[in-house]
Amino acid sequence: MKTPDNSTRSQLEPTELADDEIRKAGLAILDGGFRQEFGRDVHQISFVEEMESLPEPKLEFLYKLWLDKADPETGRHDRVDFDMLSMLPAVGNIMILDVLRNGYDARYRLYGTGISDASSKNWTGHTVSEMNRTTRHELALMYRSVYLAVYESNWPIYSEHLAPHWLSGKVWRRLVLPVSYGGETCEQFIVGNIPVSALLADAGRNGDLL
């Protein structure tokens, strides 16, 4: 896996984040005011209300699947309804994470090949906190607080941000979906994660594309 050079290290986060930091940023996301918590590399964090707001067909597919699989009486989403066959059109760009510590951390159960190829490492079996300590990505707080906000709200969040500086001009477009094993509390995250060219993403935000 590539590592940051010395010019990048001065901008990096501490090796571990305190729960209070994650909680504060997660509450900002829940309140719709994430801008003050993260730098300019985070372009968007928003709750998803309609498929048309998602810029990638694979993310639209996953969101529609999540809506279709809701229990008509309770509105809950049971993980057993989301097997790999049902998610096949997006399978290379899917991560599945087990929720840990009430949403303050999570462990990668699946790390899709399209994601690992773009990020130069497969993090299956590792926790998000372990990944943050290893890569020392400056947006570690954003990752952790988005997962906490999804856990707390039990509703999908879309985010868009620049990849680490050492990963050649990519933007990650991510959709985080909460699911459970028959209960009311989120127990897993199903994440669609699409790397796109930063130039393409910039053009889309300026209305030239999409």
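The values are calculated or read from the model by the stated rules, or taken from the named source; none is laboratory data. From a predicted model like this one, the values you see are computed outputs, not experimental measurements. Here the Cβ positions follow ideal geometry from the backbone for every residue, glycine too, while neighbour counts run over all protein chains shown. Side chains included, ligands, DNA and RNA excluded: accessible areas come from the protein's heavy atoms. Shrake-Rupley method; radii C 1.70, N 1.55, O 1.52, S 1.80 Å.
Of 105, 98, all but one fail to be surrounded by fewer than 16 Cβ atoms within 10 Å (Cβ to Cβ) and either of a type in the set (Asp, Glu) or under 15 Å from the mean Cα position of the chain (by Cα) (or both); the exception is 98.
Filtered by the rule that a residue be among the charged types (D, E, K, R), open to solvent by 70 Å² or more (accessible area, probe 1.4 Å) and modelled with pLDDT under 95, region 31-67 gives 31, 35, 40, 49, 50, 52. Checked against the criterion of being assigned to a helix (DSSP H, G or I), open to solvent by less than 50 Å² (accessible area, probe 1.4 Å), modelled with pLDDT under 95 and not small (Gly, Ala, Ser), region 77-93 contains one or more residues that satisfy it. Note on region 159-196: among residues that are of a type in the set (Ser, Thr, Tyr) and farther than 21 Å from residue 21 by Cα, the one that is modelled with the lowest pLDDT is 168. Taking residues in region 62-81 that are touching a residue at least 40 places away in the same chain (Cβ under 8 Å), and partners anywhere that are surrounded by fewer than 11 Cβ atoms within 10 Å (Cβ to Cβ) and among the acidic types (Asp, Glu), the pairs with Cβ atoms closer than 7 Å and at least 6 places apart or on different chains are 76/184.
Report, by residue number, each residue of region 70-109 that is at positive phi and of a type in the set (S, T, N, Q). Selection gives 102 alone. Considering only residues that are polar (S, T, N, Q), closer than 26 Å to residue 35 by Cβ and in contact with a Leu (Cβ under 8 Å, 6 or more places away or on another chain), which ones fall in region 113-157? 119, 129, 132, 153, listed by residue number. Of note, residue 174 does not satisfy the criterion of being charged (D, E, K, R) and outside any strand (DSSP E or B).
When residues in region 143-160 are screened for being buried (at least 23 other Cβ atoms within 10 Å of the Cβ) and farther than 21 Å from residue 64 by Cα, 3 of them pass. Look at region 106-133: where a residue is more than 12 Å from residue 195 (Cα to Cα) and in a helix (DSSP H, G or I) and a partner is modelled with pLDDT of 95 or more and open to solvent by 50 Å² or more (accessible area, probe 1.4 Å), sitting 6+ places away or on another chain with Cβ atoms under 8 Å, you get 128/107.
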